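These notes are about the structure you will find just below.
Read-outs throughout are calculated quantities, based only on the coordinates presented, and are distinct from any laboratory measurement. All figures in this text were calculated on a predicted structure; none of them were measured in a lab. Heads up, the Cβs are rebuilt from the backbone with ideal geometry, glycines too, and the neighbour counts pull from every protein chain shown.
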Amino acid sequence: MKPDDILRVAEREAEKQRAYKSRINVCCSSGCLPFGALQVLKAFESAIKEYGLEGECKVSRTGCIGTCSVGPVALIEPGGFLYQNITPENAKEIVKRHIISGEPVKELLYANEAFFKKQYRLVLRNAGRIDPLRIEEYIMVGGYSALIKCLTKMTPKEVIDEVIASGLRGRGGAGFPTGQKWNFVAREKATPKYVIANLDEGDPGVFANRTLAEADPHAIIEGMTIAAYAVGAEKGYIYVRAEYPLAVQTLREALKQAKSMNLVGENILETQFNFDIELRMGAGAFVAGEETGILASIEGRRATPRPRPPYPATSGLWGKPTLIQNVETLANVPLIILNGGNWFAKIGTPKCTGTKCFSLTGKVNNPGLIEVPMGITLREIVFEIGGGVPAGRKFKAVLVGGPSGGCLPESALDLPIDYESLTKAGAIMGSGGIVVIDDESCMVDTAWFFTDFCVDESCGKCVPCRVGLLKMRNILERIMRGEGRLEDLDLLQELGEYVRDVSLCGLGQTAPNPILTTLRYFRDEYIAHIVDKKCPAGKCFRLEAEI
């Protein structure tokens, strides 16, 4: 296919969609499927057929719109009416009253406007609005226009310059400047070069990357292909967890369709540019998300990190220059190319531009997937978007950054979400996990829970992580049994700083964060366990609850 052929696909699909007076988008993501989303989808299709509305109303399968706690959900256009907790019986009622009579079923509508009010959906722009299994719908909303622009109007250097101007930083956790990384790979002379999209999301309670792949796989593929053009790569791998079967299925179908339209493969869009993409599935190790661990896994070895330098940009996959980017980072790229780097740089803050996707979970009224501008405060996320703490309980802390993130207290709620502010407070951006903790939780127990996870997930390659984390977990267990000593607090601090500073990879370097931040902000709870032999929350084994 040529660029003009792709544009004609967009026109034909738009004309096809305009023929319908209304559209019912049913979320069939991993979050809604266990609650009967497919049955709801079939019920809508049956109702449309029963009332003879096949030519007037389109029923479509879509990805997650973010309201994960009230599924199955359906979005009806025009009007953006979002229905929640739908049953197959509700589906017929919605068709009868909303589609036919034009009267929304108010008792089933999602009424929490605050959940979306402060969001800024760039990466998730198509989630819940297009069918991820139909490339034509992605093309209709502007998909692959950025790739066409790159291949027909821009040099690789101009593409990189635009990404640099945007200020985009890696969304996988470290926040390294994306354009700078692309430059490193582009200037390398060795060939072949590779691009890897990191979809190995191992944090418990984190699902932003998985949801993106299920809802808008072509945004990942397009961003990845543009990156390959910019750095001179001819082969790419999407590294995805095998535990994400729906994401794998969706990506596999998307790649098949992209190849059939000559958007991936040889002589893309009848140019001289070649770029092929394969899926590679990981076995589920948390450490496999580390970039050198990914390299080892794709090469067929155990996913353990290696010392750096050399960095992957110089010596990556099979010793060749390799660009590794998180899928959320790549999904931003088409928008940057179409709208310009300066446009993107105006969103967020000067040092942290754009938006960030977060999985908002824990003790919060409105859990789900959100996308917010950089610089928004934790208070806005927890109490406005999240609706605060349920059941009349009090807010106690928020864990930011996944199992190796930091536990921040109420005094940190006005902290802006950006890499530097979070790091200064002892937390990390991580892969985008925010867990709200209420006053029924014990912070010593919370620190133990996440440390225990990291102990289990440590590859054991380096001594600080393998031995140091285990010792820290054992000290916590002794404190939780009422056998702790005050000197244990200094020992935990010393061990935590050592593991953080000396470990080989990002797992060990960040794993002490839950302990270090709870010592910093909730030291009184440790002292209560040690001195008073009481757990203020009544959670710890053999310790009396404080009345």
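See the values below:
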item: DSSP bridge pairs, the chain: antiparallel proportion in percent, nearest 5; result: 45 percent
item: Shape category assigned to the range 142-345 from the gyration tensor of Cα positions, a/c cut at 1.5; result: rounded
item: Pairwise label distance in nanometres, Glu15 with Glu410, each label 7 Å out on the Cα-Cβ vector; result: 6.2 nm
item: The range 60-168: projected area of the alpha-carbon convex hull, averaged over directions, in nm²; result: 9.2 nm²
item: Cα gyration tensor category, rounded, prolate or oblate, for the range 141-243 with a/c compared to 1.5; result: prolate
item: Translational D in µm²/s for the range 355-438 (Stokes-Einstein at 20 °C, 1.002 mPa s, Kirkwood Rh from C-alpha pairs); result: 175 µm²/s
item: Shape box of the range 443-545 [Cα atoms, principal axes, largest first, Å]; result: 39, 22, 19
item: Taking Asp439, Asp445 and counting other C-beta atoms within 10 Å, the order from fewest to most; result: Asp439, Asp445
item: Virtual spin-label span in nm between Glu253 and Thr155, 7 Å along Cα→Cβ; result: 4.2 nm
item: Relative contact order (percent, whole number), the chain, Cα cutoff 8 Å, 6+ residue spacing; result: 13 percent
item: Range of Cα positions in the range 18-112 per principal axis (Å), largest first; result: 31, 25, 24
item: Distant-in-sequence amide H partners of Leu323 (H built 1.01 Å from N, under 5 Å); result: Tyr194, Val195, Ile196
item: Label-point gap, in nm, between Glu420 and Glu54 - each point 7 angstrom along Cα→Cβ; result: 6.1 nm
item: Footprinting exposure proxy for Leu399, Leu378 (fewest neighbouring C-beta atoms within 10 Å first); result: Leu378, Leu399
item: Theoretical gain in end-to-end length, Lys346 to Val502 [0.36 nm per residue, Cα-Cα removed]; result: 52.4 nm
item: Convex hull volume per residue in cubic angstrom - Cα atoms of the range 255-386; result: 192 Å³
item: Two-decimal Rg to Rh for the range 137-188 - Kirkwood Rh, Cα set; result: 1.05
item: Of the trypsin sites (Lys or Arg not before Pro) in the range 236-343, those whose Cβ has at most 16 other Cβ within 10 Å and which sit in DSSP loop; result: Arg301, Arg302
item: Dipole magnitude of the range 124-269, debye to nearest 20 (Cβ charges: Lys/Arg +1, Asp/Glu -1, about Cα centre); result: 340 debye
item: Label-reachable residues, the range 35-58, where backbone N falls under 17 Å from a point 7 Å from Glu89's Cα toward its Cβ; result: 36-37, 39-41, 43-44, 47
item: Taking the range 1-160 and dividing mean pair separation by its residue count, relative contact order in percent (alpha carbons under 8 Å, at least six apart); result: 28 percent
item: Stokes-Einstein D for the range 449-504, Kirkwood Rh over Cα pairs, 20 °C, 1.002 mPa s (µm²/s); result: 187 µm²/s
item: Overall dimensions of the range 307-380 by Cα: Rg and Dmax, Å; result: 16.7, 48
item: Amide H contacts under 5 Å for Leu408, placed H, 5+ residues apart; result: Val398, Leu399, Val400
item: Dipole of the chain, positive end: most advanced residue of Gly433, Ala47, Gln272 [Cβ charges, Cα centre]; result: Gln272
item: Paramagnetic label zone (point 7 Å from Cα along Cα-to-C-beta, Met1; backbone N under 11 Å) in the range 113-143; result: 135-140, 143
item: Overall form of the chain per C-alpha gyration tensor (a/c, 1.5; a/b vs b/c); result: oblate
item: Relative contact order for the range 18-112, counting Cα pairs under 8 Å that sit 6 or more residues apart, in percent; result: 33 percent
item: Estimated 222 nm signal from helices in the chain, with DSSP H stretches of n ≥ 4 weighted -39500 (n - 2.57), rounded to 500; result: -11500 deg cm²/dmol
